[in-house]
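*Asks:* Below is a structure I'd like to ask you about.
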Number of protein chains: 2
Amino acid sequence: MCNKRASQYHKVEIPPPQPFLKSLKNTLNEILFADDPFRKIRNESKTSKKIELGLRHVFPILEWARGYSLGYLKSDVISGITIASLAIPQGISYAQLANLPPILGLYSSLVPPLVYATMGSSRDLAVGTVAVASLLTGAMLGKEVNPVQNPKLYLHLAFTATFFAGLMQTCLGLLRLGFVVEILSHAAIVGFMGGAATVVCLQQLKGLLGLIHFTHSTDIVSVLRSIFSQSHMWKWESGLLGCCFLIFLLTTKYISKKRPKLFWISAMSPLVSVIFGSLFMYFLHDHFHGIPYIGELKKGINPPSITHLVFTSPYVTLALKIGIITGVIALAEGIAVGRSFAMYKNYNIDGNKEMIAFGVMNILGSFSSCYLTTGPFSRSAVNYNAGCKTALSNVVMAVAVAVTLLFLTPLFFYTPLVVLSSIIITAMLGLVDYEAALHLWRLDKFDFFVCLSAYLGVVFGTIEIGLILSVGISVMRLVLFVGRPKIYVMGNIQNTEIYRNIEHYPQATTLSCLLILHIDGPIYFANSSYLRDRIGRWIDDEEDKLRTSGETSLQYIVLDMSAVGNIDTSGISMLEELIKILGRRELKLVVANPGAEVMKKLSKSNFIESIGKERIYLTVAEAVTACNFMLHTAKPDSTVPEFNNV
Amino acid sequence: MCNKRASQYHKVEIPPPQPFLKSLKNTLNEILFADDPFRKIRNESKTSKKIELGLRHVFPILEWARGYSLGYLKSDVISGITIASLAIPQGISYAQLANLPPILGLYSSLVPPLVYATMGSSRDLAVGTVAVASLLTGAMLGKEVNPVQNPKLYLHLAFTATFFAGLMQTCLGLLRLGFVVEILSHAAIVGFMGGAATVVCLQQLKGLLGLIHFTHSTDIVSVLRSIFSQSHMWKWESGLLGCCFLIFLLTTKYISKKRPKLFWISAMSPLVSVIFGSLFMYFLHDHFHGIPYIGELKKGINPPSITHLVFTSPYVTLALKIGIITGVIALAEGIAVGRSFAMYKNYNIDGNKEMIAFGVMNILGSFSSCYLTTGPFSRSAVNYNAGCKTALSNVVMAVAVAVTLLFLTPLFFYTPLVVLSSIIITAMLGLVDYEAALHLWRLDKFDFFVCLSAYLGVVFGTIEIGLILSVGISVMRLVLFVGRPKIYVMGNIQNTEIYRNIEHYPQATTLSCLLILHIDGPIYFANSSYLRDRIGRWIDDEEDKLRTSGETSLQYIVLDMSAVGNIDTSGISMLEELIKILGRRELKLVVANPGAEVMKKLSKSNFIESIGKERIYLTVAEAVTACNFMLHTAKPDSTVPEFNNV
């Protein structure tokens, strides 16, 4: 134990009081503008330059368009056409998943990508509809409005939900509340996406087996019961054709996965399947009555739908609810995808700015017959692999879709539905990320538990139950972290002034008359009773040990507050109670290294007076030295150590 | 900067892996058995002794009955009679508040105190009904069942709600989930109680003004509108008499507050008011028709009610809901009261054991015509001041109440209702604790905000809204603490190896090629994006500063993880991303003092390989020394420092 500097301690400063409004401003600033997005604009002195930077901030197209080259154009055209070939069949399939007219899938690949190209900050994101949000729209809306009996209302409500989703996304972005999306942890997303993919695959059994009547529920029990209860209705032609396409699609996917350079094989395979399937049905539809096909698709680009939005009760609340839930899920997926590709290419993405881009794109989409879009992973991955350089690839895709809408829709007349089901299943199987789940199990059991509950909630309950479960358990984990902070005994690492957890560093030595406890978290109402009880138990344990070994009794309890980030009024009361409880047991409390925030609160209460100013030290080592010093002088309380101003 | 020990660093240990089940057991043990309640029983070797200790654990009466003396008995009888004199009028008043027959207030002071005396561990708690839970029962039940039109169902549902409250309390205690109650922070309770007291006082205006028709809502707007819309119905006799009693009661309360020795003056004053009021009405009821009085009270002790419990839908869910809400509030009050008096008298209370006692007392209460009871503050304070020694004072009170029920009920025939209103108002005014609210404002603005929202929620909304608001905001605070941890720059305190926050210790000096950042909280999904952004901003700030001053550029980022209590998979991904981001900026990451839990997780992922084992140090000082050493040698990456095993 180093005794070099007894009676020469550093003072723990009390931070100067801050006016309430200033500290409130600082706090809000930290919560909402952590990344300081306007740094560049603020540092600029000229007003004209400021406006230019501001415009470029809102419309990143102004940024990248300036340095645009012919080489970029070539890459963007190639990748744009590639993603269009994926977007057309996928769009039609996902619209079917949402019980919406197939043409809506094409509409949704026209307007939103154009908006995103001007406002989005990702260079790799390819905009389009996604399976999970489509299924969710279908399931939630279908519960209230029958899409077959009342197709018009159903369609209009889908537009309204998209409008609300866009509105919410824009608001979240403008209010810089992007962190709301962070409540979906990575583990929750893995489980939720896996569950949703499983559910979507199960739904496709309807198409694969050529069934007409099907359950509206999405849980595995209802779906399997519905399938096996009508096994006499299964159509073998449909099933056989579906299996052929499924094998073809999975094989191309496998090839592309093994050799990333051959990415175009899997990117093109859906379109190839559609072409072959359509040709097959065109020539043989008289022979195979059991295989349903798409039928007529209306020619022409998006009709306006702004007048179709429904703002009258009772449907407006339904649309609002669907909009908020699907909007948040779409945001979480889009931002995560944008971020991961930005990581590969070394550029940065501002989550709040992206939210505004997504929001505006969905609002304008809802005005032009589109339903909810975001940045789907599969399409963006193809875009990235195809070598896109800027968001212009989205424009190219939109043009290709527009050409299709204007001239090529009759070609899809004979496309068999079973091909669409195979395309969806292939896309979904990639989302069941069991490797990620295994990784979670190895690293963090609790995260695995969150992931599993989300998965099981979606598969055996509904998509919403899975979502609520995973968010609930994630938040519970945060509350539990604060509610049950670790407290451990510290010991001295020999020949140093370092004190560490004796369980982590078993070589660390303790002193018999001192108990050094480290609190690993804030002291809040949710944990103050626990901390009081747990400290009492540590003291009991220590005294039992000393009694059996016959050593000198305990005299001082040193509380290391290095990791106590904050304290509230319940926490301060607990500390005051602790002094009294320790006093009854003839023990003295000593505090080491309270942080700025804690020191501020302690000085405002009368805790510092009740513990005594000389009982607060800057480090554990100094606290120990001082306690030793006081132990070895006759009247410990009368010996106030001298402070050495730092 | 001390360079004494370059190339001689302490190793950061990786804790040995623990089997999953063992670590799960440890975690659950910490969460549920923090205070190690069975320590004594476990340490005992003989089985007979173990059983004896176990029985004493469940029935504390066996503990204190052994050392009982005549002196104790004298004190307990005095305090028991004192609280009985308060319990009788208060019981009748509170039953009226719950729209229940007044006799129920007396029944509820008979059975529950007897149960508590055998099972409760507090020596000062006086059991009885409380105003807030009574009002809440009345408001919630009254919304669904009319107490005037359907008094029988109303009564039976009140018993059922009490049964469910007791059942929940027992279960919480048995499952050791007492910490559920901790979600009500002190600040929330202050605001909620103040609001509830305000609402209860407002309700008493009905009695004071002698009104017959009254609103069922409890918010201030509805109540005031109801009162002033029927100002022609006000009865001046009733109001005048009420004001007289109010002045009398408040005066006696003031005297007792000024001179605690005269506690009996305020304790007796309700009974005195009842006696005087009854005498007044007995002689003058022909002259004052405007003053309603209680009327007949049934003679005899509690009739059984076990067969009256309602377990059929649709009422069972209502009773369950009321039971849970009122049960939690009653628990929070009872345990807080028990704890504060235990603090004064230097003994300990086990929250989980108390819950079981409260639960059993309410279950047995619901079988014997009692409604929800707990340990009210006012009655317990009188008990404490009257000098009670053990829970026997509750038995004495119960006996006094039994005598009243058997022989004295006719005496209450002429008791004016306005006296009861005055008694309630006097009791409630003490609960509006504006001094505590001011204290919160001074110490912690956020706690004040919680308190204020609870108050306003109760007064302007409903009691439930106030409760949900305060719990919601309290939990949000915990989530926000984890979601937005503080990160600050650390500097060296001269001539030491201590590093501290440079805002807290402005004298601390920084090095130009090093940025030391301290993270003040766990790294979880909810904050990993924020931390990544915020660290980036600190680096931007530092580089801007160095650029303007023309100093050498930044080379190392030292992350002090002393206060990072835990990390999840999202956090680990963030750290891995951070290494890449820093790499792009030609910066190197160095980690100081990761704790046991963090080190375990980091070693399971491949983070340690990607950062390099030689980049993790035990202290910030060693990390800085090592960085300095590497900076001053030609090829920093090739120089692996030697480790010195601790």
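The values are calculated or read from the model by the stated rules, or taken from the named source; none is laboratory data. These figures come from a predicted structure and were not determined experimentally. Ideal geometry is used to build each Cβ from the backbone, glycine not excepted, and the neighbour counts take in all protein chains shown.
*Asks:* Answer yes or no as to whether B:ILE579 is outside any loop (DSSP other than H, G, I, E, B), within 12 Å of another protein chain (Cβ to nearest Cβ) and touching an Asp or Glu at 6+ places or on another chain (Cβ under 9 Å).
*Replies:* no
*Asks:* Another question about this same structure. Among what's in segment B:520-560 and is within 13 Å of another protein chain (Cβ to nearest Cβ) and of a type in the set (S, T, N, Q), pick the residue that is surrounded by the most Cβ atoms within 10 Å (Cβ to Cβ).
*Replies:* B:ASN527
*Asks:* Another question, if that's okay. Here's a check for you: in segment A:552-576, which residue that is polar (S, T, N, Q) and assigned to a loop (DSSP other than H, G, I, E, B) is nearest to the chain's Cα centre (by Cα)?
*Replies:* A:ASN566
*Asks:* Count, please, the residues in segment B:437-449 that happen to be aliphatic (A, V, I, L, M) and at pLDDT below 90.
*Replies:* 1
*Asks:* Determine whether segment B:478-495 contains at least one residue that is at the interface with another protein chain (Cβ under 9 Å from one of its Cβ atoms), small (Gly, Ala, Ser) and under 18 Å from A:LEU28 (Cα atoms).
*Replies:* Checking segment B:478-495: at least one residue is at the interface with another protein chain (Cβ under 9 Å from one of its Cβ atoms), small (Gly, Ala, Ser) and under 18 Å from A:LEU28 (Cα atoms).
*Asks:* Could you say whether any residue in segment A:196-203 is surrounded by 14 or more Cβ atoms within 10 Å (Cβ to Cβ) and within 20 Å of A:ALA87 (Cβ to Cβ)?
*Replies:* yes
*Asks:* A further question follows. Could you please let me know if B:PRO314 is more than 25 Å from the chain's Cα centre (by Cα), more than 30 Å from B:LEU240 (Cα to Cα), in the same structural domain as B:PHE164 (by TED's automatic domain parsing) and at pLDDT below 90?
*Replies:* yes
*Asks:* Could you list, in sequence order, the residues of segment A:278-323 that are out of contact with any helix residue (DSSP H, G or I) (no Cβ under 9 Å at 6 or more places or on another chain) and of a type in the set (Asp, Glu)?
*Replies:* A:ASP286
*Asks:* Under 9 Å between Cβ atoms, at least 6 apart or on separate chains: pull out the pairs that start in segment B:596-613 with a residue that is within 10 Å of chain A (Cβ to nearest Cβ) and in contact (Cβ under 8 Å) with a residue 24 or more places away in the chain and end on any residue that is part of a helix (DSSP H, G or I) and among the hydroxyl-bearing types (Ser, Thr, Tyr).
*Replies:* Qualifying pairs under 9 Å: B:LYS601/B:THR569; B:SER605/B:THR569; B:SER605/B:SER573.
*Asks:* Among (1) part of a helix (DSSP H, G or I); (2) surrounded by 16 or more Cβ atoms within 10 Å (Cβ to Cβ); (3) of a type in the set (A, V, I, L, M, F, W, C), where does B:ILE301 come up short?
*Replies:* Answer for B:ILE301: the failing condition is (1).
*Asks:* Here is a follow-up. Does B:ALA158 qualify as being within 14 Å of chain A (Cβ to nearest Cβ) and not polar (S, T, N, Q)?
*Replies:* Considered against the rule, which asks whether it is within 14 Å of chain A (Cβ to nearest Cβ) and not polar (S, T, N, Q), B:ALA158 comes out as no.
*Asks:* Test each condition in (1) over 24 Å from A:LEU408 (Cβ atoms); (2) out of contact with any strand residue (DSSP E or B) (no Cβ under 9 Å at 6 or more places or on another chain); (3) at pLDDT 85 or above for A:PRO304 and report the one that comes out false.
*Replies:* (1)
*Asks:* Can you tell me which residue in segment B:421-474 is surrounded by the fewest Cβ atoms within 10 Å (Cβ to Cβ), limited to those that are more than 11 Å from chain A (Cβ to nearest Cβ) and in a loop (DSSP other than H, G, I, E, B)?
*Replies:* Ranking the candidates gives B:GLY430 first.
*Asks:* So, in segment A:61-85, how many residues would count as being outside any helix (DSSP H, G or I) and of a type in the set (Phe, Trp, Tyr)?
*Replies:* Total meeting the criteria: 1.
*Asks:* Just need a number here: residues in segment B:14-32 that are touching a helix residue (DSSP H, G or I) at 6+ places or on another chain (Cβ under 7 Å) and either modelled with pLDDT of 85 or more or at the interface with another protein chain (Cβ under 8 Å from one of its Cβ atoms) (or both).
*Replies:* The total comes to 2.
*Asks:* Right, next: Under the condition of being touching a helix residue (DSSP H, G or I) at 6+ places or on another chain (Cβ under 6 Å) and assigned to a loop (DSSP other than H, G, I, E, B), which residue from segment B:486-511 is farthest from B:VAL591 (Cα to Cα)?
*Replies:* B:HIS504
*Asks:* If you don't mind, another one. Tell me the helices (runs of 4 or more DSSP H) entirely within segment A:163-273 that contain at least 1 residues that are more than 29 Å from the chain's Cα centre (by Cα) and within 30 Å of A:MET397 (Cβ to Cβ).
*Replies:* A:186-208, A:236-258
*Asks:* Just one of (1) at pLDDT 90 or above; (2) more than 10 Å from chain A (Cβ to nearest Cβ); (3) in contact with a strand residue (DSSP E or B) (Cβ under 7 Å, 6 or more places away or on another chain) trips up B:PHE643, so point out which.
*Replies:* (1)
*Asks:* Also: Could you say which residue among A:SER549, A:SER573 is assigned by TED's automatic domain parsing to the domain that holds A:ILE611 and farther than 28 Å from B:GLU435 by Cα?
*Replies:* Every option except A:SER549 fails the conditions.
*Asks:* Only one of (1) at the interface with chain B (Cβ under 9 Å from one of its Cβ atoms); (2) aliphatic (A, V, I, L, M); (3) more than 27 Å from B:ASP568 (Cβ to Cβ) is not met by A:LEU515, so which one is it?
*Replies:* (1)
*Asks:* Could you say whether any residue in segment A:361-379 is closer than 22 Å to A:GLU182 by Cβ and assigned to a strand (DSSP E or B)?
*Replies:* There is at least one residue in segment A:361-379 that is closer than 22 Å to A:GLU182 by Cβ and assigned to a strand (DSSP E or B).
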